[in-house]
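Structure first, commentary second.
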Amino acid sequence: MASVFQQIGNFLGFSTSVPTVSAVSPTTASTNTAFSLQSSNNAVTSGAETIYVAAPGNATIDAHASSSPVVIVGNTGTDTLTGGTGSNLIVGGSGTNIMTGNGGANDVFGHAAGATDYITNFNPGAGEKIALAQGLTYSSVHMATANPSTLGLSSGPVPSEVLSFSDFSTVTLFGVTEHPSASWFI
């Protein structure tokens, strides 16, 4: 079975061509970023994308001001990962992850084995997907009223779905009330 990164790459149409990559400064709203890269000559986007990778421990990566495609990879710890207004690939680490696509269409959220993930604006109708780590399978869903303010977010209680997976990890989708379908997952 393909890794979560291979599955996402296949979904997004990544080719085997190698883009040009250079180091860039992390966004000013980010903390504990291990490194940031600017990729150009990318066969997928025909332009540039920015890649942010969190260092181990708690990290905040906030790329909300970016209109270019953004790739954000979390790590261990509690990570708050916010994409830009373009297409986003946001992969949480093995800890607790708060992921926000920030309105980009076709966002993909990666769910790692053992993680507790919260996605603040998942919109399957806009083509957004959840990529599961190798070997994970969706097992159940239950409706809940979640309170994002307990995670430091500004909104109050909202209807939500809590998805459970074969390793007992979870993804909470704030504001989502429709039953999940296979088309949500890659």
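Enter the accessible area of TYR138 (Å², nearest 10), with the probe set to 1.4 Å and all protein chains included.
About 80 Å², ignoring ligands and nucleic acids.
How much length would be gained if the chain were fully extended between SER67 and GLN134, taking 0.36 nm per residue of separation minus their Cα-Cα distance, in nm to one decimal?
So the chain would gain 21.1 nm between SER67 and GLN134.
Using a ≥ b ≥ c from the Cα gyration tensor of the stretch 44-186 (square roots of the eigenvalues), is it rounded, prolate or oblate, where a/c under 1.5 gives rounded and otherwise the larger of a/b and b/c decides, a/b for prolate?
Rounded, since a/c falls under 1.5.
The values are calculated or read from the model by the stated rules, or taken from the named source; none is laboratory data. It should be emphasised that the depicted structure is a prediction, and the values quoted were computed from it without experimental measurement. Note: accessible area is taken over every heavy atom of the protein model, side chains too, but ligands, DNA and RNA are not part of it. Shrake-Rupley method; radii C 1.70, N 1.55, O 1.52, S 1.80 Å.
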